[in-house]
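The values are calculated or read from the model by the stated rules, or taken from the named source; none is laboratory data. Keep in mind the model is a prediction, meaning the values are calculated, not measured. A quick note on method: Cβ atoms are made from the backbone with ideal geometry, for glycine too, and the neighbour counts reach across all protein chains shown. Side chains included, ligands, DNA and RNA excluded: accessible areas come from the protein's heavy atoms. Shrake-Rupley method; radii C 1.70, N 1.55, O 1.52, S 1.80 Å.
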Amino acid sequence: MCSEKVNSKSDIYDTYDDIIKTVNGLKLHKEFKEFRGMTENFQRVRYVEELLLKYEHIQNFKKKLVMQDSKSNERAIALRNEGNKNFMARNYFEALQLYNKSICYSEDSKNIGIGYSNRSAVFFQLKMYKQCLENIEMSKKTKNFPENLLAKLNKREEDCKKFLSTQKREEDPVEFPLSFKNHEVVPYIANCLALGHTKEEGRFIYTKVDLKPGDCVAIEDPYCTALLPPMRYIRCTYCTKENCFTLIPCNHCTGAMFCDKVCRDKAWNSFHKYECKVIDFILDTFPKIHQTALRICLTALSLFGNVDDCRAFCEDPANQSKTVFDLNFDELTKTEEYKAVYGLITNQEKRDTEDLFQRAVVVATIKNILIEFTPLKSFLGKNIENENFFANLLFKHVQTSSTNGHSLDLIEQVNNINDDVHFATGIYPFLSLFNHSCAPNTVRISKGTTYIVFALRHIEANGKLFENYGSHFLQQPKMERQQYLSSQFRFVCKCEACENNYNMAMMLPRANIPSTVNTPKDNDHLSKFDFQYALKNLEKYTEYLKIYGERNYPNFQIQGAEECFKMALKILVGAVHLRAKILSNK
């Protein structure tokens with residue numbers, strides 16, 4: 001799950017703080033109380049928007065927006081020169097990012113072609129000859145490619161073809177099928193899973209049969225994804241693939257790149273036509289939760305020919321409070337899938353006035369900017385009811401994305417320490433039905449944007465499946481976990497780790513069981529992303545967890561076995577950051 005406010009504040013939180021100081025300074029507490037009493041979210045948004053305009057917060061954002069980056073050959077050349085410095089220093093990943101950024105800033109085909117050529121040089125040094133040849137071909141196809149660079153490019157092409165047969169073949173990612181038959185309603189989950197509900201816990205997923213560690217129970221693709229800003233010159237804005245080998249730029253902005261023209265056209269027709277003119281403002285001003293909420297809304301609008309059809313769909317009682325178990329998978333469309341996204345819980349009734357006011361600041365700012373600077377105004381028309389509908393829709397998803405957005409992770413390696421790095425946020429209607437535990441009994445592994453869910457521990461028949469919302473007993477003390485979960489997700493955690501006061505990782509006891517897993521050999525091979533070692537030893541890890549997993553849980557040996565199991569899975573599905581691969585091969 002994703003949290004909303006991490007480390008440094010973004011500009012929108014500064015704006016919220018400033019407007020609260022204004023309210024307090026001018027003693028507008030009566031009006032603030034009226035805000036809470038409003039029955040419609042669009043009324044809250046309108047009230048806050050008037051405040052933001054009155055005290056010139058939105059006007060200041062518009063000044064910033066006018067100054068956002070545009071295509072510039074001068075900037076492109078500067079970035080390319082910086083890339084050259086990193087290339088000479090053998091900082092190949094950094095060079096690759098800078099060359100991609102240079103391509104994105106280029107005003108003409110000449111500079112784009114030079115960027116492709118420089119990118120080919122990186123891949124030649126990395127002995128990625130197939131990718132090198134692809135970029136050489138892209139360079140030659142660009143108009144006005146400098147003739148004086150052709151000789152060097154042709155020589156690189158000749159060498160590439162010579163060395164291509166020696167290129168190390170990357171192992172194909174392992175396909176993990178479901179461990180059970182497909183569910184009769186939801187085909188991408190196991191038929192042993194079911195949806196439950198209680199007043200206290202809300203909706204949850206449970207199993208009708210015993211599950212063992214390693215059982216694969218779900219393979220879900222997202223409704224939509226939102227790429228994180230640091231990844232914009234590494235991954236495709238539309239599909240989020242790590243396709244920095246052949247990324248092409250948006251024709252208009254400097255903040256989006258794509259796998260190819262197909263991804264570029266799909267993005268434009270769904271969400272990018274709205275985001276393009278304001279992309280720097282969106283990425284710089286709002287955290288990932290708000291970016292994800294906007295992506296959900298814009299994707300939803302693109303499913304309908306006009307705003308009236310979208311309004312009718314959302315206001316139809318038959319389309320509300322749905323889950324994936326209510327969908328028609330025989331005729332599944334994105335519109336049908338959106339029912340399960342629209343039905344995600346907002347928890348609005350549990351939110352205090354300050355929380356709702358903050359969300360109203362977010363929605364009012366985004367709405368005002370989009371309507372003035374993007375085609376959203378023509379889509380909504382001059383009907384104030386349509387504008388109110390959009391405000392309600394965005395307000396809804398600013399709430400649902402904060403508790404239902406799932407971070408997509410890769411293995412990263414910094415200073416010889418393996419860690420996870422987020423590259424995007426996705427919306428997964430089925431995964432969102434899992435409840436939280438600080439000691440989860442499942443693990444989800446991202447294969448691209450597909451999430452694969454495995455049982456991590458033994459789960460008895462009729463037992464609930466739990467995932468982790470970002471507070472794990474191994475990393476955080478109980479009080480810190482409880483505070484975070486209460487603030488972010490509006491519940492008091494009563495999981496086994498909280499009820500039994502489990503120790504953190506460094507304090508775990510050793511059990512009287514064999515220490516045959518998580519050995520120095522395991523750690524050495526897995527830290528080097530050794531595919532064959534992970535493939536050979538995955539069964540060893542699952543068998544260890546099956547035999548010893550519940551004995552004196554939690555303990556040092558089981559925690560280590562779980563980490564080996566998860567690391568092996570990430571290696572086998574290809575969830576390894578390109579930078580980590582480059583560093584491991586140096």
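Name, by its number, the condition in (1) open to solvent by less than 50 Å² (accessible area, probe 1.4 Å); (2) at pLDDT 95 or above; (3) more than 27 Å from Lys570 (Cα to Cα) that does not hold for Asn501.
Every condition holds for Asn501 apart from (1).
For the range 239-277, what are the residues that are assigned to a loop (DSSP other than H, G, I, E, B), in contact with a strand residue (DSSP E or B) (Cβ under 6 Å, 6 or more places away or on another chain) and among the aliphatic types (A, V, I, L, M)?
Leu247
Please list, ordered by first then second residue, the pairs with beta carbon atoms under 6 Å, 6 or more apart or interchain, first in the range 263-290 and in contact (Cβ under 8 Å) with a residue 12 or more places away in the chain and under 10 Å from Ser302 (Cβ atoms), second open to solvent by 20 Å² or more (accessible area, probe 1.4 Å) and in a helix (DSSP H, G or I).
Ser270/Ser302
Given (1) closer than 30 Å to Ala455 by Cα; (2) surrounded by 15 or more Cβ atoms within 10 Å (Cβ to Cβ), identify the lone condition not met by Lys181.
That leaves (2) as the condition not met.
Conditions: (1) surrounded by fewer than 18 Cβ atoms within 10 Å (Cβ to Cβ); (2) within 30 Å of Ala364 (Cα to Cα). Val48 meets all but one. Number of the miss?
(1)
Which condition number in (1) within 30 Å of Leu283 (Cβ to Cβ); (2) polar (S, T, N, Q); (3) more than 21 Å from the chain's Cα centre (by Cα); (4) at pLDDT 95 or above is the one that Asn415 fails?
Single failed check for Asn415: (4).
From the list Leu153, Leu164, Leu96, Leu133, which residue is surrounded by fewer than 14 Cβ atoms within 10 Å (Cβ to Cβ), touching a residue at least 24 places away in the same chain (Cβ under 8 Å) and either of a type in the set (Lys, Arg) or assigned to a helix (DSSP H, G or I) (or both)?
Numbers: Leu153 fails: surrounded by fewer than 14 Cβ atoms within 10 Å (Cβ to Cβ); Leu96 fails: surrounded by fewer than 14 Cβ atoms within 10 Å (Cβ to Cβ); Leu133 fails: surrounded by fewer than 14 Cβ atoms within 10 Å (Cβ to Cβ).
The match here is Leu164.
Search the range 477-495 for residues being surrounded by fewer than 16 Cβ atoms within 10 Å (Cβ to Cβ) and part of a helix (DSSP H, G or I), and hand back the single one that is farthest from the chain's Cα centre (by Cα).
Filtering first and then ranking leaves Met479.
Collect the residues in the range 251-262 that are under 19 Å from the mean Cα position of the chain (by Cα) and in contact (Cβ under 8 Å) with a residue 40 or more places away in the chain, keeping them in residue-number order. Don't jump to the end; show me each part of the working.
Looking only at the range 251-262, we keep the residues that are under 19 Å from the mean Cα position of the chain (by Cα), and these are 255-259.
Result: Gly255, Ala256, Met257.
What pairs come out if I take residues in the range 170-187 that are within 18 Å of Asp210 (Cα to Cα) and pair them with residues that are open to solvent by 60 Å² or more (accessible area, probe 1.4 Å) and charged (D, E, K, R) whose C-beta lies under 9 Å away, six or more apart or interchain?
Ser179/Lys212
So, Tyr206, is that one open to solvent by 40 Å² or more (accessible area, probe 1.4 Å) and part of a strand (DSSP E or B) or not? Break it down into steps so the answer makes sense when it comes.
Values: open to solvent by 40 Å² or more (accessible area, probe 1.4 Å): yes; part of a strand (DSSP E or B): yes.
Spelling it out, Tyr206 is indeed open to solvent by 40 Å² or more (accessible area, probe 1.4 Å) and part of a strand (DSSP E or B).
Would you say Tyr223 is in contact with a Ser or Thr (Cβ under 8 Å, 6 or more places away or on another chain) and either part of a loop (DSSP other than H, G, I, E, B) or among the basic types (Lys, Arg) (or both)? Working first, answer last.
Numbers: in contact with a Ser or Thr (Cβ under 8 Å, 6 or more places away or on another chain): yes; either part of a loop (DSSP other than H, G, I, E, B) or among the basic types (Lys, Arg) (or both): yes.
Judged against the criteria, Tyr223 is a match.
Looking only at residues that are in a loop (DSSP other than H, G, I, E, B) and either within 9 Å of Tyr105 (Cβ to Cβ) or of a type in the set (D, E, K, R) (or both) in the range 54-80, which one is nearest to the chain's Cα centre (by Cα)?
If we take residues in the range 54-80 being in a loop (DSSP other than H, G, I, E, B) and either within 9 Å of Tyr105 (Cβ to Cβ) or of a type in the set (D, E, K, R) (or both), then Asp69 is nearest to the chain's Cα centre (by Cα).
From the list Ile282, Ile296, pick out the single residue that is crowded, with 19+ Cβ neighbours inside 10 Å, of a type outside the set (Phe, Trp, Tyr) and modelled with pLDDT under 95.
Ile282
Pick out the one residue from Ser378, Ser321, Ser402 that is small (Gly, Ala, Ser), out of contact with any Leu (no Cβ under 6 Å at 6 or more places or on another chain) and open to solvent by less than 40 Å² (accessible area, probe 1.4 Å).
Just a single option satisfies the conditions, and that option is Ser402.
Name the one entry in Lys127, Lys62, Lys54 that is in contact with a Lys or Arg (Cβ under 8 Å, 6 or more places away or on another chain) and either closer than 30 Å to Val361 by Cβ or modelled with pLDDT under 95 (or both).
It is Lys127.
Would you confirm whether any residue within the range 251-260 is among the aromatic types (Phe, Trp, Tyr) and modelled with pLDDT of 95 or more?
So far as the range 251-260 goes, yes, one or more of its residues are among the aromatic types (Phe, Trp, Tyr) and modelled with pLDDT of 95 or more.
In a loop (DSSP other than H, G, I, E, B) and either on the phi > 0 side of the Ramachandran plot or modelled with pLDDT of 95 or more (or both): is that true of Pro514 in this structure?
No, not satisfied.
Tell me, yes or no, whether the range 453-461 has at least one residue that is modelled with pLDDT under 95 and open to solvent by 10 Å² or more (accessible area, probe 1.4 Å).
There is no residue in the range 453-461 that is modelled with pLDDT under 95 and open to solvent by 10 Å² or more (accessible area, probe 1.4 Å).
Looking only at the range 212-241, count how many residues are aliphatic (A, V, I, L, M), buried (at least 23 other Cβ atoms within 10 Å of the Cβ) and touching a His at 6+ places or on another chain (Cβ under 7 Å).
0
Only one of these is in contact with a Lys or Arg (Cβ under 6 Å, 6 or more places away or on another chain) and at pLDDT below 95: Asn306, Asn319. Name it.
Just a single option satisfies the conditions, and that option is Asn319.
Take the residues in the range 532-575 that are over 25 Å from the mean Cα position of the chain (by Cα) and closer than 21 Å to Glu170 by Cα; name whichever of them is most open to solvent (accessible area, probe 1.4 Å).
The selected residue is Lys536.
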